[in-house]
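Trainee: The structure under discussion is supplied below as structure tokens; questions concerning it will follow.
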Amino acid sequence: MATIKEIATLAGVSRGTVDRVLNHRGSVNPQTEEKIWEIAQALDYKPNKAGIVLAAQKRKLKIGVVLLGLNNPFYDDVLRGIAEKAVELESYNCTVLIRQTEYSLEEQLSAIDELIAENINGLALSPYNDKAIRRKIDELYEKNIPVVTLNTDIENSKRLAYVGSNYYRSGQTAAGLMRLMTSGQIYIGIVSGSPDILCHTERIAGFKSILKNYENLHISSTIMNQDDDFESYEMTSRLLKEHPEINALYFAAGGVYGGCRAVVASGRQYDIKIFTYDMVETTKKMIEQGLIAATICQQPLLQGSKPLDILFENLTTGESPQSEYNYVDVDIRIRENL
């Protein structure tokens, strides 16, 4: 196995210079850096991960986390995954700093800037889908601060990787469930969170891509509730009054509890098939009661822990993840398999 000493000898530089290049620490003349990388690749150099991780303990790494959905109970399990991984990373002198915001571009930008001021080395982010966030991710990339997106992604940015559902496929899965678990002419109300969150729009796009193949499945209307149960109750109540033909509801985001309460208040809980995401406690109870027909889960604990794993690996060894897209499994739950 090639060593730093051998690379230094062939490159005609010090071992310290090779170490800085291979571990992305400090500035080195671009021509020298290119030469070192060429030699390292030719020799198939592999870093000593154990030694690198031990060296990382002296660096006192900080990883920031910024999550959307302050009042969305789904993120409770994501936070639990983050907390469990944070305890593990503490033994390597790595601190995890967490911020959670409403669905607000300004709040998210402010939270990211707060963490930058804390001198974070990497960032796990559930991004608001806006060009300002995309620019911020690219700015962090230029500062050698890697970003891993989780739960929802953002297109055309320089983020390192994504951890979460394949939301387009997840939307298609929901449409398939609705097709299998209903009969006759079906008039659907879509209840989503925000058009500025990519995972919400991707779920709906995937859902619609399947519906167009079936003449008995129709979309009556789509509403946005900002993942808020109170707003979801009011908007779903209005939706059912304005569209009495609706006999199926597709919750593409949060606000499930509030929306289902509106269905019960309307007295139509036995007439409407409801399909949701995630397994928060209130959703579980409503499945047990027969109010929700099926829910699609997305491994929230893994969504919390894996981004920290990817960032720590990148920060300590310089290695990128094997896959840019780290999709979690689709897990369909009905009353019979809770």
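The values are calculated or read from the model by the stated rules, or taken from the named source; none is laboratory data. As the structure is a computational prediction, the values presented were derived from the model and not from experiment. Note that we place each Cβ from the backbone using ideal geometry, even for glycine, and neighbour counts take in every protein chain shown.
Trainee: Please note which helices (runs of 4 or more DSSP H) are completely contained in region 157-251 and include at least 2 residues that are under 18 Å from LEU68 (Cα atoms). Steps first, answer last, please.
Mentor: Numbers: elements: 167-181, 198-211, 229-242.
Those helices (runs of 4 or more DSSP H) span 198-211, 229-242.
The rows are residues; the columns are (1) closer than 30 Å to THR101 by Cβ; (2) of a type in the set (Gly, Ala, Ser).
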| position | (1), (2) |
| --- | --- |
| SER194 | yes, yes |
| LEU198 | yes, no |
| THR201 | yes, no |
| GLN226 | yes, no |
| GLU242 | no, no |
| GLU245 | no, no |
| ALA248 | no, yes |
| GLY267 | no, yes |
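Trainee: Being under 25 Å from ASP77 (Cα atoms), over 16 Å from the mean Cα position of the chain (by Cα) and not assigned by TED's automatic domain parsing to the domain that holds LEU249: is that true of ILE120 here?
Mentor: Working: under 25 Å from ASP77 (Cα atoms): yes; over 16 Å from the mean Cα position of the chain (by Cα): yes; not assigned by TED's automatic domain parsing to the domain that holds LEU249: yes.
Taking the combined requirement at face value, the residue satisfies it.
Residue by residue, here is whether (1) polar (S, T, N, Q); (2) at pLDDT below 95 holds:
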position: GLU139; (1), (2): no, no
position: ASN151; (1), (2): yes, no
position: GLY176; (1), (2): no, no
position: ILE190; (1), (2): no, no
position: ASP196; (1), (2): no, yes
position: ALA205; (1), (2): no, no
position: LYS208; (1), (2): no, no
position: LEU211; (1), (2): no, no
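Trainee: Shifting gears a bit: Could you tell me whether LEU140 is crowded, with 17+ Cβ neighbours inside 10 Å and within 30 Å of VAL21 (Cα to Cα)?
Mentor: Details: crowded, with 17+ Cβ neighbours inside 10 Å: yes; within 30 Å of VAL21 (Cα to Cα): yes.
Taking the combined requirement at face value, the residue satisfies it.
Trainee: Test ASP113 against the stated conditions and say whether it is exposed (fewer than 14 other Cβ atoms within 10 Å of the Cβ) and among the charged types (D, E, K, R).
Mentor: Details: exposed (fewer than 14 other Cβ atoms within 10 Å of the Cβ): yes; among the charged types (D, E, K, R): yes.
When the stated conditions are applied, ASP113 passes them.
Conditions tested, residue by residue: (1) outside any loop (DSSP other than H, G, I, E, B); (2) under 21 Å from SER192 (Cβ atoms); (3) assigned by TED's automatic domain parsing to the domain that holds GLY193.
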residue	(1), (2), (3)
THR276	yes, yes, yes
THR283	yes, yes, yes
PRO307	yes, no, no
ASN314	yes, no, no
PRO321	no, no, no
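Trainee: To continue, here is another question. Whether any residue in region 252-263 is over 30 Å from VAL87 (Cβ atoms), touching a helix residue (DSSP H, G or I) at 6+ places or on another chain (Cβ under 8 Å) and either surrounded by fewer than 16 Cβ atoms within 10 Å (Cβ to Cβ) or in the same structural domain as ASN71 (by TED's automatic domain parsing) (or both) is what I want to check.
Mentor: No - not one qualifying residue is present in region 252-263.
Trainee: Name the residue, out of LYS285, LYS306, that is basic (Lys, Arg) and within 18 Å of the chain's Cα centre (by Cα). Before the answer, list the steps.
Mentor: Values: LYS285 fails: within 18 Å of the chain's Cα centre (by Cα).
Matching residue, one of LYS285, LYS306: LYS306.
Trainee: Looking for something of a type in the set (S, T, N, Q), farther than 20 Å from ASP76 by Cα and without any contact (Cβ under 8 Å) to a residue 12 or more places away in the chain - is there at least one such residue anywhere in region 133-151? Lay out the reasoning, then the answer.
Mentor: Start the filter on region 133-151 by keeping residues that are of a type in the set (S, T, N, Q), which leaves 144, 149, 151.
From what's left, farther than 20 Å from ASP76 by Cα: 144.
If we keep only those that are without any contact (Cβ under 8 Å) to a residue 12 or more places away in the chain too, we end up with none.
The answer is no, given that none of the residues of region 133-151 is of a type in the set (S, T, N, Q), farther than 20 Å from ASP76 by Cα and without any contact (Cβ under 8 Å) to a residue 12 or more places away in the chain.
Trainee: Taking GLY81 as meeting all but one of (1) at pLDDT below 90; (2) surrounded by 18 or more Cβ atoms within 10 Å (Cβ to Cβ), write down the number of the exception.
Mentor: GLY81 satisfies all of (1) at pLDDT below 90; (2) surrounded by 18 or more Cβ atoms within 10 Å (Cβ to Cβ) except (1).
Trainee: Can you name the residue in region 36-70 that is surrounded by 12 or more Cβ atoms within 10 Å (Cβ to Cβ) and more than 30 Å from LEU125 (Cβ to Cβ) and is also modelled with the lowest pLDDT among such residues?
Mentor: Out of the qualifying residues, it is ASN48.
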